[in-house]
1. So if I check each of 286, 362, which one is surrounded by 20 or more Cβ atoms within 10 Å (Cβ to Cβ) and modelled with pLDDT under 90?
2. Given 344, 353, 367, which one is more than 30 Å from residue 117 (Cβ to Cβ), at pLDDT 85 or above and in a helix (DSSP H, G or I)?
3. Please indicate, with yes or no, whether at least one residue in the stretch 47-61 is surrounded by fewer than 24 Cβ atoms within 10 Å (Cβ to Cβ), at positive phi, in contact (Cβ under 8 Å) with a residue 40 or more places away in the chain and more than 17 Å from the chain's Cα centre (by Cα).
4. Test of understanding: among 7, 20, which residue is within 17 Å of the chain's Cα centre (by Cα), modelled with pLDDT under 85 and assigned to a helix (DSSP H, G or I)?
5. Just a yes or no: is a residue in the stretch 91-106 in contact (Cβ under 8 Å) with a residue 60 or more places away in the chain and farther than 30 Å from residue 129 by Cβ?
6. Do we find that residue 253 is at pLDDT 85 or above and either in contact with a strand residue (DSSP E or B) (Cβ under 6 Å, 6 or more places away or on another chain) or surrounded by 16 or more Cβ atoms within 10 Å (Cβ to Cβ) (or both) in this structure?
7. Just to be sure before I move on: is residue 38 part of a helix (DSSP H, G or I) and modelled with pLDDT under 90 in the structure I sent?
8. If residue 86 passes every condition in (1) surrounded by fewer than 21 Cβ atoms within 10 Å (Cβ to Cβ); (2) at pLDDT 85 or above; (3) closer than 30 Å to residue 362 by Cβ but one, which one does it miss?
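The values are calculated or read from the model by the stated rules, or taken from the named source; none is laboratory data. Because the structure is a prediction, the values reported are computed rather than measured. Glycine gets a Cβ as well: all are built from the backbone with ideal geometry, and neighbour counts include every protein chain shown.
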């Protein structure tokens, strides 16, 4: 398939076409739960808020680099954007990290998150909740209900907007004001606020680049990519600061819970808490199903490459689900505090490849333009 031809004939993408998917990838169910923000930023107090600004700027810069590199290379493939000189081993490495730590790693976290919501709202034991999450996710993929899952994905933006509204209210009207705010991170992987911010940026941008890279060749212009990345970075930054500040103002209330934002919503009113919990559960489910669908696509690719796994695809999906379910015993908070930072460390290597590619491709293009200008001047 000729990607150059496709890029030229496809419908061009505007500023919002770049910004909206980028924002959607960064602010999902984990963001709306409040746990990610508390673990990576809220536990560090004011320094954590500075970290959010750093992350917002990082989204902006890396978003530009990812989309422009794909545009210069005229390639929609994120692994090519990551790999210096199109090194096949680096492409394999980046794919492996995104598939196993990004896609598969998302499953146990979402299973644990769904179980935590069901226990908090309905008193259902976490073991039962995790099994329920695993079963409905597996059935969604096996029966090909992608359309149904996609229709529920509206829950994610609605949830995020709701969480921001709730946090704005609780920011100025704290339910349980923390007079002596003295947060301490107990996570050995997140002891330093600056490193914590970089790890958050790293693991989020792995999937973020996978979204913006295919959009790079389709963007109307380089300026479109610039403004789209700027809007995305600024929007996520502002939303995160609002939610994180609300968590800090109600720190004593939420410091020991799995779902800080859901708990704060329930303190507004039981109805608000129940509605928010249901929306959060739907968002968690769609995130889990989308990840398993993506893994299903990867299995199809292996089949197309004539790689024999010696077992049927349904059996492979069942094995993936069982392993993810067993991993969910680590608990939502435990998995967020371990798997996300762990993925972030691998992300440092992969993003270094992106930065190298960006400057290499840009320098080559500038060199070609200078040569052309020189010939025209002769």
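1. On the way: 362 fails: surrounded by 20 or more Cβ atoms within 10 Å (Cβ to Cβ).
After applying the criteria, what remains is 286.
2. On the way: 344 fails: more than 30 Å from residue 117 (Cβ to Cβ); 367 fails: at pLDDT 85 or above.
Step by step, each of 344, 353, 367 is checked, and only 353 is more than 30 Å from residue 117 (Cβ to Cβ), at pLDDT 85 or above and in a helix (DSSP H, G or I).
3. Among the residues of the stretch 47-61, not one is surrounded by fewer than 24 Cβ atoms within 10 Å (Cβ to Cβ), at positive phi, in contact (Cβ under 8 Å) with a residue 40 or more places away in the chain and more than 17 Å from the chain's Cα centre (by Cα), which makes the answer no.
4. On the way: 7 fails: within 17 Å of the chain's Cα centre (by Cα).
The unique qualifying residue is 20.
5. To start, the set of residues in the stretch 91-106 that are in contact (Cβ under 8 Å) with a residue 60 or more places away in the chain comprises 93-94, 97-99, 101-106.
Checking the rest, the ones that are also farther than 30 Å from residue 129 by Cβ come to 93-94.
The answer is yes; a qualifying residue exists.
6. Numbers: at pLDDT 85 or above: no; either in contact with a strand residue (DSSP E or B) (Cβ under 6 Å, 6 or more places away or on another chain) or surrounded by 16 or more Cβ atoms within 10 Å (Cβ to Cβ) (or both): yes.
Considered against the rule, which asks whether it is at pLDDT 85 or above and either in contact with a strand residue (DSSP E or B) (Cβ under 6 Å, 6 or more places away or on another chain) or surrounded by 16 or more Cβ atoms within 10 Å (Cβ to Cβ) (or both), residue 253 comes out as no.
7. Values: part of a helix (DSSP H, G or I): yes; modelled with pLDDT under 90: yes.
The answer is yes for residue 38.
8. Answer for residue 86: the failing condition is (2).
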